[in-house]
Amino acid sequence: MNPTVLALTYQGTFADNATTALKMTLLGMGAVFAALALLWAVLCLFKLFFHDLPAKREKEREKEEEPVSQAPAQPAAQDDAELVAVLSAAVAAVLAGEREQNPDLPPTGFRVVSYKRMNQGMKGQRK
């Protein structure tokens with residue numbers, strides 16, 4: 001077997017060469033953008049199947065498991081005073097611990113003026 005060399009030479013005008021180059025450029029860019037669009041579609045499907053649908057199923061399970069209960073009763077004013085005392089004690093304990101670690105800290109006078117319950121809007125977030 002003798003290897004043969006096949007050489008193609010194209011002798012055309014500048015306009016023909018420019019047109020061919022433009023066609024090749026557009027074809028290449030079109031192929032790249034088509035591949036990117038396909039990857040984007042695949043990623044959207046992954047998000048749908050692996051993130052959104054399991055989250056919806058989990059929410060449905062939580063709704064099924066949660067028994068319907070009446071609205072919780074509002075805590076009495078005495079419970080509020082007790083809660084303020086507990087919060088004050090917790091802050092004092094933290095500040096005392098910091099003061100033990102760094103005795104150069106200036107003394108702080110603090111007072112719990114108000115508090116806001118944060119667990120009402122966070123149902124089912126802790127696991």
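Only Cα sites of the range 28-67 enter the Debye sum here, all with the same form factor; the resulting log10 I(q)/I(0) across q = 0.16, 0.34 1/Å is -0.54, -0.96, listed in q order. In straight-distance terms, cross-link reach from Lys116 covers every one of the aspartates and glutamates whose alpha-carbon lies under 18 Å from its own, apart from those fewer than eight places away in the same chain; here that gives Asp79, Asp80, Glu82.
Only the coordinates and a few stated rules stand behind these numbers; no lab work does. Every value quoted in this text rests on a predicted model; they were computed, and no experiment measured them.
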